[in-house]
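The values are calculated or read from the model by the stated rules, or taken from the named source; none is laboratory data. Treat the numbers as computed from the prediction; the structure is a model and nothing was measured. Ideal geometry is used to build each Cβ from the backbone, glycine not excepted, and the neighbour counts take in all protein chains shown.
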Amino acid sequence: EVRIFDENISATVADDLIVWKPHVAGFTCVTAALAPACRLAARLKESLKDALVIVGGPHLSAVPVETIRDNPVIDFGFSGEAEKSLPVFLRGWFREGNRDASFLSSVPGLVWRSGPKLTHNRAAAFLSDEELDALPFPAWHLLPMERIFSKATHGLFSRGERIMPVMTTRGCPNFCGFCCRVMGFQFRKTNLERVLLEIQWLWHHWKVDEIYFEDDTFTQDPERAHALLDAIIGLRLPILVKFANGLRADKVDRPLLEKMRRAGVYWIGFGIESGSPYTQKLMHKNLDLDLAARNVALAKGMGFKVGSNCIIGYPGETRDSIRESVNYFLRLGLDSMAVVTCVPFPGTTAWQVCQQNGWLTERARHYENYWFEVFKVSPLIETPYLSAKDLSRAIFWTYVRFYFLNLRRTLLVASMLLRKWRGEWRHLAPARWMRLLRNGSVARERG
C-alpha cells in the first residue's frame, strides 16, 4: 500500500504518518524542505525505529554525500531521476532480502552508508524519450484532490477553479547560473499522443478547467511546440492554458503566439531575470534583451497577460546594473513581475561563485532560508558591490515602483487576491471560518 502525505495541505502529517506505521517513508526535498523533513523523520523513528527513511529530490541530487553525512536520520538517498532505481531497491530490500554491499552498490544513484564510509553510486542515465512515454500518469488519486484544487496555483494570476500541472519535457540545454538543473542538460520530450491523453484524462476524470505547463523550456523545439499547440486546439476542450514556469523571451514569434491564443493560453510568463546586459552575462543567461522587449510588446498587443521574473543581487551585480535592470522592466508594460533576491542553491554556478569568494551571509548557513521571500527579504548573498541592506532596499522599492505607483496593476493584483481569498474561504470548515472571522484575516490564522 502507498500513501502520500502533503504538509502543504494538512497540519497533521506527522501524526497521520505515525498512525499509518509505514515500512518506508520517502521524502522529496527541495533545499528549504530538508530540515523539516529530517525533523519529521526523527519523530517517526522515535515511534517506529525500524521504519526506513529515504530522501530524494533536487537538494540531495545537488549535494548527495553532504546530505546523508549531515543527517544521520536518513537511511538512504537517491540522486537524479529515481523512477527506475527506487523500485529496484525496494524489491531487492524487502521481497528478496538483498541487503548486502554487493546489492546496494548495484542500485544506480543510491547514497548509502557502510559503517563510517559513505558511498554514492553512479547515477543512472536520465530517462530517454521512450522511457518517459512509458511512465504512468501521476497518481493524483492518492491526494485529496478537492483540497488540492483549492490551493493549486503558480504565480499571481489564474482563471480556472480546478488547475493541474502538466510537464511534457525534461532537461534544459541552457547554462543559467541560478538554476539547479536537476533534470540535466539533455532536452527530452514525451510523445505528443501521450501528452494529449494526459490532458484528456485530467479533463474527463478530474474536470480540470486550467492546465499549467511546467516545462523548463517548452519552446526549445519550436516544431514540437507548434505541433502540440495544434493538437490542443484540435481537442476542443474548454480548458485554459498557462505557461507558469516561463518561456524564453527570445524563442517566441507571432505565429507561435497566435496558436497559443487559439489553444486557450491567456497568460505568458517570460523568464527574463535581468534587464542589464552586464548581469545577463554574469548569469550566463545571454538573452537578447531588445528581442525580449519586442516580444513582450507583441504578446501584450495580442491580448495576453504577460509577467516576468526579476532577480536582484546575482553574485557580482552592482547598484548600477540593478538600476539598469529595474528601469528596463518598468518600460515593458508587464502585468505582473516576481522580484526576488538571488537564492544560491547548492550546486548552482551562483553557489560556487559565492563559496569561492566568501559571499554567503550567516543566514545562508541554514538551508531552511533557501526560498524566495517577497515581503520579508533576507538576502543570502552579500558582496563588496552590494550589501544585504542594499538588496533588501532595492527589492522593496522595485515592488513599490512596479505595483503601487501604477493604478492599473494595483487594481489588477487586488482583484486577483480577492479571488484567491474567496476560493480559500469557500473550502474552510465552519469552525475555522469563524476563527478567521474573529482573527480578521487568513494571514493571521496561518501565522
For PHE27, the lone unmet condition from (1) under 20 Å from the mean Cα position of the chain (by Cα); (2) modelled with pLDDT of 95 or more; (3) within 20 Å of LEU127 (Cβ to Cβ); (4) not in a helix (DSSP H, G or I) is (3)
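What about ASN369, is it within 27 Å of LYS151 (Cβ to Cβ), at pLDDT 90 or above and in contact with a helix residue (DSSP H, G or I) (Cβ under 8 Å, 6 or more places away or on another chain)?
Details: within 27 Å of LYS151 (Cβ to Cβ): yes; at pLDDT 90 or above: yes; in contact with a helix residue (DSSP H, G or I) (Cβ under 8 Å, 6 or more places away or on another chain): yes.
Taking the combined requirement at face value, the residue satisfies it.
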Close pairs from the stretch 348-370: first in the same structural domain as GLY177 (by TED's automatic domain parsing) and free of Cβ contacts under 8 Å to residues at least 24 places away in the same chain, partner of a type in the set (A, V, I, L, M, F, W, C) and not in a loop (DSSP other than H, G, I, E, B), Cβ under 8 Å, at least 6 apart: LEU360/CYS354; LEU360/ILE381; ALA364/CYS354; ALA364/ILE381
Would the stretch 288-301 turn up any residue that is closer than 30 Å to ALA388 by Cα and touching a Ser or Thr at 6+ places or on another chain (Cβ under 7 Å)? no
Write out, first by first residue and then by second, each pair whose Cβ atoms fall under 6 Å of each other, whose residues are 6+ apart or on separate chains, and whose first residue, in the stretch 310-339, is polar (S, T, N, Q) while the second is crowded, with 17+ Cβ neighbours inside 10 Å and modelled with pLDDT under 95. SER336/LEU156; SER336/GLY307
Considering every residue within the stretch 39-50, establish whether at least one is buried (at least 16 other Cβ atoms within 10 Å of the Cβ) and in contact (Cβ under 8 Å) with a residue 40 or more places away in the chain. no
Given the conditions (1) among the aromatic types (Phe, Trp, Tyr); (2) within 30 Å of ARG254 (Cβ to Cβ); (3) not in a helix (DSSP H, G or I), which single one is not true for TYR385? (2)
Taking the stated definitions as given, is VAL107 more than 21 Å from THR217 (Cα to Cα), surrounded by 15 or more Cβ atoms within 10 Å (Cβ to Cβ), touching a His at 6+ places or on another chain (Cβ under 7 Å) and not polar (S, T, N, Q)? no
Long-range neighbours under 9 Å by Cβ, at least six apart or interchain, first residue closer than 21 Å to PRO22 by Cα and touching a residue at least 12 places away in the same chain (Cβ under 8 Å) within the stretch 91-109, second outside any helix (DSSP H, G or I) and small (Gly, Ala, Ser): GLY92/SER106
Could we say that VAL195 is closer than 30 Å to ALA350 by Cβ, of a type in the set (A, V, I, L, M, F, W, C) and over 18 Å from the mean Cα position of the chain (by Cα) here? no
Write out, first by first residue and then by second, each pair whose Cβ atoms fall under 8 Å of each other, whose residues are 6+ apart or on separate chains, and whose first residue, in the stretch 280-301, is closer than 23 Å to VAL343 by Cβ while the second is among the basic types (Lys, Arg) and modelled with pLDDT under 95. LEU287/ARG248
Is it the case that the stretch 225-243 has a residue that's without any contact (Cβ under 8 Å) to a residue 60 or more places away in the chain and closer than 27 Å to TYR314 by Cβ? yes
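Among the residues of the stretch 375-389, how many are surrounded by fewer than 18 Cβ atoms within 10 Å (Cβ to Cβ) and either modelled with pLDDT of 95 or more or in contact with a helix residue (DSSP H, G or I) (Cβ under 8 Å, 6 or more places away or on another chain) (or both)?
3
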Quick one: THR383 ticks every box in (1) more than 25 Å from the chain's Cα centre (by Cα); (2) closer than 19 Å to GLU273 by Cα; (3) in contact (Cβ under 8 Å) with a residue 24 or more places away in the chain bar one, so which box is it? (2)
Which of (1) loosely packed, with under 15 Cβ neighbours inside 10 Å; (2) assigned by TED's automatic domain parsing to the domain that holds GLY92; (3) of a type outside the set (Val, Ile, Thr) is the odd one out, the single condition ASN8 does not satisfy? (2)
